[in-house]
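Participant: Before I ask anything, let me first share the structure, which is written out below as structure tokens.
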Amino acid sequence: MWPNGWGVAGKRTAFWTEDTTQTKTLTMLGQQVTVEAVPVSWRWDFGDGTVKWTHSPWRKPVSLERAGFYHVYSKAERVKVTVTVRYEGRYRVGDGPWTDIDGTAEKTSPPRDVTVYRYEKYVVSEHCKRRNCLEENRANR
């Protein structure tokens, strides 16, 4: 995710993951068997009650403004984000043809802690800039 481990309420927080086919080769009854699990969809749980499905893992964006996949949190909070990858499988014996495996399998990531901060903008006079009124105002809240 970007920013790394945090976001700002009302602003984009970008998310992406790996698009990695899992391959396992083993020997069964004297035959080499290769099994592949191919990722086909990703279910993002952003920890604030929002869930989105995507058919792309996306990539790290060049900038947040150009992020292909992002979430905008509505308030400052601490959340736990997870992604569940859905896989379709296939196998082959030796160098034979691939055979699809019926159904799908899912794997959920460990939760990632994300802190969403509130963005505050203050307009202060030159007098306050010199006297650090911002800190005084925060102390008086």
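Just so it is clear, none of the values below were taken in a lab; they were calculated from the coordinates. From a predicted model like this one, the values you see are computed outputs, not experimental measurements. All Cβ positions, even for glycine, are placed from backbone atoms using ideal geometry, and neighbour counts span all protein chains on display.
Participant: If the cut-off is 12 Å between C-alpha atoms, which aspartates and glutamates fall inside it for Lys107, apart from same-chain ones fewer than 8 positions away?
Facilitator: Glu88
Participant: Please state, to two decimals, what the Cα-based radius of gyration of the chain comes to when divided by 2.2 N^0.38 Å (N = residues).
Facilitator: On the way: Rg = 23.2 Å, N = 141, 2.2 N^0.38 = 14.4 Å.
With N residues counted in the chain, Rg over 2.2 N^0.38 Å equals 1.61.
Participant: Quickly work out the Lys121-to-Trp98 label distance, labels modelled 7 Å from Cα along the C-beta direction, and quote it in nm with one decimal.
Facilitator: 5.0 nm
Participant: Continuing with this model, one more query. Rounded to the nearest 500 deg cm²/dmol, what is the calculated helix-only ellipticity per residue at 222 nm for the chain, with -39500 (n - 2.57) per DSSP H run of length n ≥ 4?
Facilitator: Numbers: 2 runs with 13 residues, N = 141.
After summing the helix terms and dividing by the residues of the chain, the value is -2000 deg cm²/dmol.
Participant: Summing Lys, Arg as +1 and Asp, Glu as -1, what charge do residues with Cβ under 11 Å from the Cβ of Glu77 carry, Glu77 excluded? The partial results should precede the final answer.
Facilitator: On the way: positive: Lys75, Arg78, Lys80, Arg118; negative: Asp48.
Its environment carries a net charge of +3.
Participant: Roughly how many debye, to the nearest 20, is the charge dipole of the chain about its Cα centre, given +1 on each Lys and Arg Cβ, -1 on each Asp and Glu Cβ, and no other charges? Spell out each step's value before the answer.
Facilitator: Numbers: 23 positive and 17 negative charges, 170 e Å.
For the chain, the charge dipole is close to 820 debye.
Participant: Of Val51, Thr99, Val35, which is farthest along the charge dipole of segment 6-139 in the positive direction, counting Lys and Arg as +1 and Asp and Glu as -1 at C-beta?
Facilitator: Val51
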